[in-house]
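What follows is a short report on a single structure.
Readers should treat all values here as calculations from the given coordinates under stated rules, not as data from a laboratory. All values derive from a computational prediction rather than experimental measurement. Note that we place each Cβ from the backbone using ideal geometry, even for glycine, and neighbour counts take in every protein chain shown.
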Amino acid sequence: MNDKDMKLAVLIDADNTSHSVIAPLLDEIAKFGTASVKRIYGDWTENQLSGWKVILLQKSIIPIQQFAYTTGKNSTDTAMIIDAMDLLYTGNFDGFCLVSSDSDFTRLASRIRENGLKVYGFGRQNTPISFVSACDKFVYTETILKHAIQTETAMVLEEVDTQSGETCTLMDKEQLKQVFSKIVQDLSDESGWARLDSVGTQIHKVMPHFDVRCYEYAKLSKLLNSLNIFEFKKRRTKQHKTKELFIKVLPH
């Protein structure tokens with residue numbers, strides 16, 4: 001199945017997400033599949049969530065009310081986890097998008113993946129590594145905001161500037177060479193060639209937070225080519241009628 005055909009359940013933790021990121025975030029999710037369900041969880045009687053109303057109407061996101069029964073306890077997390085499991089057991093979805101920076105969703109992400117479904121995580125740069133690693137792919141909202149191409153871009157970028165630091169965790173060129181050459185070699189056939197799309201998939205398995213846009217490239221192939229240690233060629237495989245791009249580590 002093509003990723004674009006994936007049916008996704010999008011669940012948003014309002015307590016840990018800014019309403020200004022939602023428009024570009026939904027555009028990002030559209031790259032992975034169709035958001036068949038869009039729900040957001042919070043105590044909507046609280047004033048701090050009042051800014052959500054307009055964007056929820058515009059983007060057809062269903063708000064789920066969850067009262068904070070006890071001070072200091074996050075009832076929102078519990079409601080979101082219960083709903084996620086209910087949706088999982090329907091068997092109607094191919095993957096989940098969990099929008100939060102809270103480590104409490106680590107086990108949920110792992111549980112969904114145990115059922116063979118994809119999990120895409122979205123959260124701030126300070127999201128605990130346990131949650132990041134539990135997802136098939138994790139995208140930092142600062143990166144989404146930085147690269148947003150929306151009518152509200154000016155407002156979005158202003159919020160990024162006020163947040164606490166880097167939008168990406170970057171590796172230097174030598175680190176990139178070391179990591180990527182190992183992945184290519186691990187996936188290569190007897191002649192040393194590996195399919196580029198398989199390399200991209202493996203990169204995100206090893207580093208769920210990796211985002212090629214952090215290095216100012218639109219495509220992974222462009223970034224890999226800039227390292228000057230790989231050879232590329234197109235060839236036809238038995239499974240595909242069209243030619244695919246393959247990559248090989250150049251001899252030293």
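When each of the peptides 9-16, 191-198 is scored by how many other beta carbons lie within 10 Å of its residues on average, the order from highest to lowest is 9-16, 191-198. Packing-based ranking of 182-188, 120-126 yields 120-126, 182-188, ordered from highest to lowest mean Cβ neighbour count within 10 Å. For the pair Ser18 and Ser130, a Förster radius of 22 Å applied to the C-beta separation gives a FRET efficiency near 0.50, rounded to the nearest 0.05. Under the convention that each Lys and Arg Cβ holds +1 and each Asp and Glu Cβ holds -1, the size of the dipole of the stretch 1-67 around its Cα centre is about 260 debye.
Modelled spin-label separation between Glu216 and Ser36, with each label point placed 7 Å from Cα along the Cα-to-Cβ direction: 4.2 nm.
What is the mean projected area of the alpha carbon convex hull for the stretch 51-140, to one decimal in square nanometres? Please report the intermediate quantities before stating the final value.
Details: hull surface 27.0 nm².
For the Cα atoms of the stretch 51-140, the hull's average projected area reads 6.8 nm².
Here the label points at Leu57 and Leu227, each 7 Å from Cα along the C-beta direction, are separated by 4.9 nm in the simple model.
Shown for Phe93, Phe67, Phe138: other C-beta atoms within 10 Å of each C-beta, ranked fewest to most, produce the order Phe67, Phe93, Phe138. Each residue, Tyr89 and Leu187, gets one label point 7 Å from its Cα in the Cβ direction; the gap between the two is 3.7 nm. Each residue in Phe246, Phe230 was given a count of other beta-carbon atoms within 10 angstrom of its own, and listing them fewest first yields Phe230, Phe246.
When only the Cβ of Lys, Arg, Asp and Glu is charged (+1, +1, -1, -1), the dipole of the stretch 173-249 relative to its Cα centre reaches about 380 debye.
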